[in-house]
Amino acid sequence: MSQALFFQLQSLLIFSLMTFGIFQKHNRLRHVKIMSLAILWDIILILQIELSRSAILKASNAMENRLILNIHVAFALASVLGYALMIYTGRKILKQQRSFQPRHKILGRVTYTLRFLTLVTSFWAQSPQNQKLITTAIF
Ligand code: HEM
């Protein structure tokens, strides 16, 4: 399995975990545990990608797909900002400050959408060669 594919597989698993965590929103303890794990794993994934930057540059069509690559990085950074706000508002709700609940809900939708767009654009930023590899691996 190529390194880029390994990263994308993790990205897909994190997104699935996050989706499952949202479905658990009425079970506070479970929701907090799942979301914390997803956020932590996502940060570890970003570190893994950063530490193998040269491999990623080789794998992605950085010159041809520069615009889509920049859009992808922007979505990824915005997701991390979203995580910080989710942790902040989530902790406030846990401290019985219920006024933070609507904010957590709206920010949750925004953060989840940003994370989805990060996943989608990661596929677009791939070189045609890797896109073929991924298509073969999936179907
Ligand atoms: C990307 C991360 C997260 C997303 C997308 C997310 C999303 C949500 C959503 C949609 C709800 C339901 C809101 C409502 O219907 O009023 C919710 C509830 C909640 N979340 Fe999160 N959340 C995330 C992370 C966290 C974190 C890190 C914490 C804790 C530190 C947390 C704590 C809570 C609490 C305490 C509730 C209220 C549950 C209840 O109704 O009893 N969330 N979250």
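The values are calculated or read from the model by the stated rules, or taken from the named source; none is laboratory data. Just so it is clear, the structure is predicted and the values come from calculations on it, not from any experiment. With ideal geometry, Cβ positions are generated from the backbone for all residues, glycine too; neighbour counts draw on all protein chains shown.
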Those residues of region 2-40 which are small (Gly, Ala, Ser), farther than 16 Å from Ile93 by Cβ and buried (at least 16 other Cβ atoms within 10 Å of the Cβ), in sequence order: Ala4, Ser11, Ala38
Residue match in region 20-29 (condition: among the hydrophobic types (A, V, I, L, M, F, W, C), touching a Leu at 6+ places or on another chain (Cβ under 6 Å), at pLDDT 95 or above and within 11 Å of the ligand (Cβ to nearest atom)): no
